[in-house]
Amino acid sequence: MNELVFFINNVIVAGSVSGSIYAIGAIGVTLIFSIMRFAHFAHADMMTFGTFMVLLLTLAFPGVGAVVGLPTPIVMLPLAIVLTALLAVGIDKTFYKPLRAHGVKPIVMVIASLGVTLMLQGLIRLFSGTGAQNLYLAGERKEIYRLEMPFELASRPVIVTEPQIILFVLTIVCVVGLHLFLNRTRLGKAMRAMSDNPDLARASGINTNHIVAVTWVIAGGLAAIAGTLLALDVTFKPDLSFFLLLPIFAAAIVGGVGHPYGAIAGGFVVGFAETLAVFNWAVLLRPFRDSLPEWLAQAGNLAFVGTEYKIVVPFFILVAILVWRPTGIFKGKVI
Amino acid sequence: MPLLEARDVHGGYGGMNILNGVNMSIEANEVGVIVGPNGAGKSTMLKAIFGLLTVSQGEILLRGEPIHNLPPNKLVQKGMGFVPQEKNVFPSLTVKENLEMGAFLKPGNVKRMLKQIYDVFPPLYDKRHQPAGELSGGQRQMVAMGRALMAEPDVLLLDEPTAGLSPLYMNEIFERVKEVNAAGVGILMVEQNAKQALAIADKGFVLAAGKNRFTDTGAALLADPEVAKSFLGG
């Protein structure tokens, strides 16, 4: 049974962790695409920015968490969400809005967002340094929960950490919140309307500039959440989220660009694909060692790809989806 | 004072003039119909009224107040509704959500107006939870008109509301247009089905090359042999 526990730890837990982060990131990418019709490459660095804000706030007010009974970075997260949302709206006003006003092609917006991403990354590096920093400051402990399995043969526990649990809870809150917002509120419906048909939205009296701003607030806020939860699970680095750009876009495209629910599904598809691809399947074969052919029983590592090639997985999924089903699972738009 | 009046309107896209002096006026209890050959500037005129293209000369007045070159959302606030010819619904939104979007600026109206719209277009009530993109052409047109009516406009602009519809649906739509007009909404519509449209028109405007060619009551235009010969196919 320990093999099963190993599988749960390395595939189920790890896949849910990356899946949740990809999903929250991909929702932002897909919302921006559905409202402004361009692939926003600066999204990952907006995530890093949000995390950096959390780091700064945590350094400024280190004792707050202990008072509330939560890790300090989580207590600082709401403020970082606000700051990142402001940054997102500010970036739009400064860089994207003038381009939109000129009626440029989407590719120009994409290139502009690449410029923004390099600029953000440079700025963060300037202030944070290039090294990794732990969001848990000295004195705060990352709780680790060892869940003993109720099987006799399972001697090893399933391991879940505190930030992972917070991540799962916040992912559910974000998804439910987004669902209610898009389907129950006047503003959410207007956002869907604008995604469907911007001209008609304008003709209905919907202020599309307002909707654009709301989109940036949501995307920025979600970016801060995704980045912070990732950094809590590992550590903060200035290139923390830049390497998530590919899986996040893969998730958005797999789900069907422009579909928030597709982005969530796509996030988990990519997350689990990654962990399943690097999982050493030889471990699961171990209990059946005696009844297997020798070449299989002796195999030390049966992973599809080595851990160091994990980034290849979303890339492969991305190419496969673009070739065979460019509209994604939920029939989104073709980028 | 007429509800909607256009005086010597010139305008077009990117420096090319399509409208070369159009005059129109309708009262609140009237249906105005714009007919004419392809490329005469019929739809362009509606777009000019609704602020979707720049009026370079002349003026457009709503209850005597100049409104030309105001953005569409301002015009909706001032009591104007517009139903484009194509892409006139939100396909992934349900019928009910489509209608709600029409009352975006008047959220207090939603409940009361939904009831009214369902009364005028009963098929929409049965389909209210279906995405509008799944409806037939005629029902989609009803959603489009319903959406515009949700804001309780004083004047409704319709761009070829019967384009691509079967004769059965065409008559149905014209019936509804008359009904809406009887409820006190001035109507200005562009129509390809000129004879049938002029039959319900209080005023008809025959445009050619961006100018009024004939302007009269619907009945008079239908009876005019010259109009019939040149524009109504004999």
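The values are calculated or read from the model by the stated rules, or taken from the named source; none is laboratory data. Small disclaimer: the values here were computed from a predicted structure and weren't measured. A quick note on method: Cβ atoms are made from the backbone with ideal geometry, for glycine too, and the neighbour counts reach across all protein chains shown.
Being crowded, with 20+ Cβ neighbours inside 10 Å, within 14 Å of chain A (Cβ to nearest Cβ), in a helix (DSSP H, G or I) and in contact with a helix residue (DSSP H, G or I) (Cβ under 7 Å, 6 or more places away or on another chain) is a description that does not apply to B:Val180. Within the range B:106-126, does at least one residue satisfy the condition of being within 14 Å of another protein chain (Cβ to nearest Cβ), of a type in the set (D, E, K, R), surrounded by 15 or more Cβ atoms within 10 Å (Cβ to Cβ) and assigned to a loop (DSSP other than H, G, I, E, B)? Looking through the range B:106-126, at least one residue is within 14 Å of another protein chain (Cβ to nearest Cβ), of a type in the set (D, E, K, R), surrounded by 15 or more Cβ atoms within 10 Å (Cβ to Cβ) and assigned to a loop (DSSP other than H, G, I, E, B).
The number of residues in the range A:189-215 being touching a Leu at 6+ places or on another chain (Cβ under 7 Å), more than 7 Å from chain B (Cβ to nearest Cβ) and aliphatic (A, V, I, L, M) comes to 2.
Counting the residues of the range A:216-235 that are surrounded by 24 or more Cβ atoms within 10 Å (Cβ to Cβ) and either within 14 Å of chain B (Cβ to nearest Cβ) or assigned to a loop (DSSP other than H, G, I, E, B) (or both) gives 0. Inspection of the range B:84-91 identifies no residue that is assigned to a strand (DSSP E or B), within 17 Å of the chain's Cα centre (by Cα) and either under 19 Å from B:Pro161 (Cβ atoms) or facing another protein chain (nearest Cβ under 7 Å) (or both).
Collect the residues in the range B:129-161 that are part of a loop (DSSP other than H, G, I, E, B), over 18 Å from B:Gly186 (Cα atoms) and either away from chain A (no Cβ under 14 Å) or out of contact with any Ser or Thr (no Cβ under 8 Å at 6 or more places or on another chain) (or both), keeping them in residue-number order. Of everything in the range B:129-161, those that are part of a loop (DSSP other than H, G, I, E, B), over 18 Å from B:Gly186 (Cα atoms) and either away from chain A (no Cβ under 14 Å) or out of contact with any Ser or Thr (no Cβ under 8 Å at 6 or more places or on another chain) (or both) turn out to be B:Gln130, B:Leu135, B:Ser136.
Looking at the range B:50-83, which of the residues that are on the phi > 0 side of the Ramachandran plot and surrounded by fewer than 17 Cβ atoms within 10 Å (Cβ to Cβ) is farthest from the other protein chains (Cβ to nearest Cβ)?
My answer is B:Gly64.
Would you pick out the residues in the range A:226-249 that are within 12 Å of A:Gly25 (Cα to Cα) and touching a Gly at 6+ places or on another chain (Cβ under 7 Å)?
Just the residues of the range A:226-249 that are within 12 Å of A:Gly25 (Cα to Cα), to begin with: A:226-230, A:241-242, A:244-249.
Result: A:Ala226, A:Gly227, A:Thr228, A:Ser241, A:Leu244, A:Ile248.
Please go through the range B:96-105 and give me each residue that is in contact with a Gly (Cβ under 8 Å, 6 or more places away or on another chain) and part of a helix (DSSP H, G or I), ordered by number.
B:Asn98, B:Leu99, B:Gly102 - these are the residues of the range B:96-105 that are in contact with a Gly (Cβ under 8 Å, 6 or more places away or on another chain) and part of a helix (DSSP H, G or I).
Close contacts from the range B:27-51, counting a first residue that is closer than 18 Å to B:Val155 by Cβ and a second that is basic (Lys, Arg), with Cβ to Cβ under 8 Å and a gap of 6+ residues or different chains, come to B:Glu30/B:Lys203; B:Val31/B:Lys178; B:Val31/B:Lys203; B:Gly32/B:Lys203; B:Val33/B:Lys203; B:Ile34/B:Lys42; B:Gly51/B:Lys74. Anything in the range A:291-323 that is surrounded by fewer than 13 Cβ atoms within 10 Å (Cβ to Cβ) and outside any helix (DSSP H, G or I)? List them, or say none. Within the range A:291-323, A:Pro293, A:Gln298, A:Gly300, A:Asn301, A:Gly306 qualify.
Of the residues making up the range A:236-245, those that are assigned to a helix (DSSP H, G or I) and either within 14 Å of chain B (Cβ to nearest Cβ) or touching a Phe, Trp or Tyr at 6+ places or on another chain (Cβ under 8 Å) (or both) are A:Leu244, A:Leu245.
Of all the numbered requirements in (1) closer than 20 Å to B:Leu62 by Cα; (2) in a loop (DSSP other than H, G, I, E, B), B:Met189 misses one, and that requirement is (2).
Against the criterion of being among the polar types (S, T, N, Q) and touching a Lys or Arg at 6+ places or on another chain (Cβ under 9 Å), B:Asn109 does not qualify. Reported count of residues in the range A:1-54, each being within 24 Å of A:Met119 (Cβ to Cβ) and polar (S, T, N, Q), is 3. Close Cβ contacts (under 7 Å, 6 or more residues apart or on different chains) running from residues in the range B:1-25 that are assigned to a strand (DSSP E or B) and at pLDDT 90 or above to residues that are surrounded by 17 or more Cβ atoms within 10 Å (Cβ to Cβ) and aromatic (Phe, Trp, Tyr) comprise B:Met24/B:Phe205.
Of A:Val283, A:Val257, which residue is among the hydrophobic types (A, V, I, L, M, F, W, C), under 16 Å from A:Phe33 (Cα atoms), at pLDDT below 90 and surrounded by 15 or more Cβ atoms within 10 Å (Cβ to Cβ)?
On the way: A:Val283 fails: under 16 Å from A:Phe33 (Cα atoms).
Answer to the check: A:Val257.
Taking the range B:192-217 as the range and being in contact (Cβ under 8 Å) with a residue 24 or more places away in the chain and in a loop (DSSP other than H, G, I, E, B) as the test, the residues that pass are B:Gln192, B:Asn193, B:Ile200, B:Ala201, B:Asp202, B:Ala209, B:Gly210. Hey, any hits in the range A:284-301 for a residue that's basic (Lys, Arg) and more than 23 Å from the chain's Cα centre (by Cα)? Checked against the condition, which is being basic (Lys, Arg) and more than 23 Å from the chain's Cα centre (by Cα), the range A:284-301 yields at least one hit.
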